[in-house]
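Participant: Take this structure, written in structure tokens, and hold onto it; I'll ask about it next.
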Amino acid sequence: SDEVEQVAQRIKKGISLQRVSAIGCSISIGYDTKTEESTDILRVLRNAETNMYSAKTLERSEVEKRELEAIIDALHTSNKREMLHSKRVSQMAKRLGKALKLSEADIKKLELAGRFHDIGKVVLDPSLLDKGHEFNPKEQKERDQHPIIGYRILNYFDDTLELAEIVLAHHENWDGSGYPKGLKGEAIPLLARILSIAGAYEQMMHPSTNNEAKSLEEAVLELERELGVLYDPIIGAAFIELLRSA
């Protein structure tokens, strides 16, 4: 048992040094030893398999946390603008959630969804991340996939399952012109509607390669023009009131 424990630790350490893109590798190992000649070897193998699944269950949460952080770190390391954007959207969505008197649970979801809403961009070419809105059709199609990819990533982890639908819908528009599903009005999840306007405002206020920053009043006027078109009119009105009272 002592010898196989050493072998298992050696394998785990070797695997942990490997990476596939942004993800560090991990492995769960179970083992058992046959110490009596009369013991059925198939029973020993079954015990080893049971121990492996037990180890996988115990280690799952820790491994998932490391994997998720590795993905978001890979995105933010490649583009500091994305890191700052996520932080600001998270904070703004949280403020709006409080102004709308949402439950503490929903406010926490908003805060986390703001942090992870663009996690799907981790697969995009870095040159697309700070390009503003001037995309050719191929680039636009590629960029429009990031909510779907974000949904798949967040749907994989137990701790972020509740965020996946919010992230999937954060580019849907009130009039049905958004993506990826073309949802309309209240068919768009409430928290996604909040995230949408918080994200749009953040982009207006902080320049990218092809977009100049707007003043507060310019941003408010643009938001007002799009109420009932891009944004939920009730949420949008509450957001504008929040901005003007700050």
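FYI, it's all coordinate maths here, none of it is from the lab. Just so you know, these numbers come straight off a predicted model, no measurement behind them. Every residue, glycine as well, gets a Cβ built from its backbone with ideal geometry; the counts of neighbours run over all protein chains shown.
Participant: Once you wrap a convex hull around the alpha carbon atoms of segment 47-111, what is its projected area averaged over all directions, in nm²?
Facilitator: Values: hull surface 24.7 nm².
Directional mean of the projected Cα hull area for segment 47-111 stands at 6.2 nm².
Participant: Sticking with this one: Expressed in nm to one decimal, what extension gain is obtained for the pair residue 127 and residue 37 from 0.36 nm per residue of sequence separation less their Cα-Cα distance?
Facilitator: Extra length from residue 127 to residue 37 when fully extended: 26.0 nm.
Participant: Within straight cross-link reach of residue 121, meaning Cα distance under 26 Å, which lysines are found once same-chain residues fewer than 8 apart are removed?
Facilitator: 65, 80, 87, 94, 108, 109, 131, 138, 141, 181, 184, 214
Participant: For residue 65 and residue 218, compute 0.36 nm times the residue count separating them, minus their Cα-Cα distance, and round to one decimal in nm.
Facilitator: The span from residue 65 to residue 218 would gain 51.1 nm if fully extended.
Participant: Starting from the coordinates of the alpha-carbon atoms of segment 1-131, obtain the Kirkwood hydrodynamic radius over all distinct pairs and give the value in Å to one decimal.
Facilitator: One over the average 1/r among Cα pairs gives 18.3 Å for segment 1-131.
Participant: Follow-up. What is the calculated FRET efficiency for residue 74 to residue 44, with r their C-beta to C-beta distance and R₀ = 35 Å, to the nearest 0.05?
Facilitator: 0.30
Participant: Which part of segment 41-69 falls in the paramagnetic zone of residue 8, meaning amide N under 15 Å from the point 7 Å along Cα-to-beta-carbon?
Facilitator: Flagged as within label range: 44-60.
Participant: Jot down the radius of gyration and Dmax of segment 162-241, Cα atoms only, both in angstrom.
Facilitator: Rg then Dmax for segment 162-241, in Å: 12.5, 35.
Participant: Excluding same-chain residues fewer than 8 positions from residue 12, which aspartates and glutamates have a Cα within less than 14 Å of its Cα?
Facilitator: 59
Participant: May I ask you to compute the full-extension gain from residue 136 to residue 98, defined as 0.36 nm times their residue separation minus their alpha-carbon distance, rounded to one decimal in nm?
Facilitator: Details: separation 38, 0.36 × 38 = 13.68 nm, distance 3.85 nm.
So the extension gain works out to 9.8 nm.
Participant: Given R₀ = 22 Å, FRET efficiency for residue 237-residue 108 by Cβ-Cβ distance, to 0.05? Let's see the in-between values first.
Facilitator: Numbers: r = 24 Å, r/R0 = 1.10.
Once rounded, the FRET efficiency stands at 0.35.
Participant: Hey, another quick one. Based only on Cα atoms, what mean projected area does the convex hull of segment 123-187 have, in nm²?
Facilitator: On the way: hull surface 20.3 nm².
Reported value for the Cα convex hull: 5.1 nm².
Participant: Here's another thing I want to ask about it. Using helices alone, what [θ] at 222 nm do you get for the chain, with -39,500 (n - 2.57) per DSSP H run of 4 or more residues, divided over all residues and rounded to the nearest 500?
Facilitator: Counting only the DSSP helices, I get -20500 deg cm²/dmol.
Participant: How far apart, in nm, are two points set 7 Å out from the Cα along the Cα-to-Cβ line at residue 155 and at residue 184?
Facilitator: Each label point is offset 7 Å from its Cα along the Cβ direction, giving 2.4 nm.
Participant: Then there's this: Wrap a convex hull around the Cα atoms of the chain, take a quarter of its surface area, and give that in square nanometres.
Facilitator: Taking a quarter of the hull surface, the average projection is 16.9 nm².
Participant: Kirkwood-based Rg over Rh for segment 194-246 (C-alpha set), two decimals?
Facilitator: 0.95
Participant: Sticking with this one: For the pair residue 17 and residue 175, how long in nm is the line joining their label points, each one 7 Å along Cα→Cβ?
Facilitator: Here the modelled spin labels are 5.8 nm apart.
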